[in-house]
1. When only Cα pairs under 8 Å and 6 or more residues apart are kept, what is the percent relative contact order across the range 18-245?
2. Between ASN87 and LEU179, 0.36 nm times their residue separation minus their Cα-Cα distance comes to what?
3. Got a sec to turn the phi values of the range 30-35 into Karplus ³J(HN,Hα) couplings, 6.51 cos²θ - 1.76 cosθ + 1.60 with θ = phi - 60°, whole Hz, x for Gly and Pro?
4. In the calculated pair distance distribution of the range 60-147, what percentage of Cα-Cα distances lie above 14 Å?
5. So for the pair MET209, GLU145, with labels modelled 7 Å out along Cα→Cβ, what separation do we get in nm?
6. For ASP189 and LYS117, FRET efficiency with R0 = 25 Å and r from the beta-carbon atoms, rounded to 0.05?
7. Just to confirm my numbers, what's the Cα centroid distance between the range 57-82 and the range 126-150 in Å?
8. Could you give P(r) for the range 18-245, binned at 5 Å from zero, as whole percent values over all Cα-Cα pairs?
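Where a number appears in this text, it was derived from the coordinates with a stated rule and is not lab data. Computed from a predicted model, the values in this text were never measured in an experiment. Backbone-built Cβ (ideal geometry, glycine too); neighbour counts: all protein chains shown.
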Amino acid sequence: MKKLLLFFVLIGIRSQAQEFEGGIGGGFSVNTQPTDNMVYKGDQSLMNYSANLRLLYTTKNNWQLGVEGQMHELSSKSSKKYGGFYNGSLRIDSVGGDDKKLVYAKYLVNVCGVVNKRFDFGGSYAYVGIAVGFAAARNNSHKYESNESYKAPDGGRGIAYGAQLGYAANITSQIGIYLEGSFRAYTLDYRNADAPQVPGGPKLKYNIMAFPCTFGLRYVFHRVPASAYGTYNKEKLRYYENKKYNK
């Protein structure tokens, strides 16, 4: 047991190659129901699309720093029938109870700074980390598809934060794949839209969480071999990150 614990500790602290990589992927996402003054809440989860784009730099101590962008839909279904509302010149008679979607955001985009801890296993690695950033909800609320019962207003803005867990593997020295599961929590504030069916006309604001799962391709733009650290040149001087000191 002690040997096993020592093995995992050494994985976490061992210096590895520095890398700069990018990735793009797609998959699915599910979300919770909105809170606060969003009256239209579903009781049935849906599997929505998800897309992922990221740039990551791995330090020699196996910390990953970077930027990750995600886009997915926020929607659900409701077996309960709600009263309708006026959407500009469009009259919505009722919402829910019709086996159609309640669309809170057709395109929810979040851009987050991420910090991951990476654990290497030969030609692959696992990682876990946190994310904090900004989110925007886009929706054409004046155009309904045949499978949509409600569409929230356009223009929700707010903070995004969460965590991610993933696994990446190499196919070649530069090309690889990755699988990532994450959660993102959003606080969306609609400064130019009233909350439907709420007396007094307060502005719409709600919290919601999404759980995207994406599979993608990754490409290593640059890699510094691990052997460049902790080794010595002919004059027995240690190699450094800055080549001008490698005399």
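1. On the way: 647 pairs, mean separation 50.0, N = 228.
Computed over the range 18-245, the figure is 22 percent.
2. The span from ASN87 to LEU179 would gain 29.1 nm if fully extended.
3. Each residue's phi maps through the Karplus curve to give 10, 9, 7, 8, x, 10 Hz.
4. 75 percent
5. 2.7 nm
6. 0.20
7. When both Cα centres are located, 10 Å separates them.
8. 1, 6, 13, 16, 14, 11, 9, 8, 6, 5, 4, 2, 2, 1, 1, 0, 0
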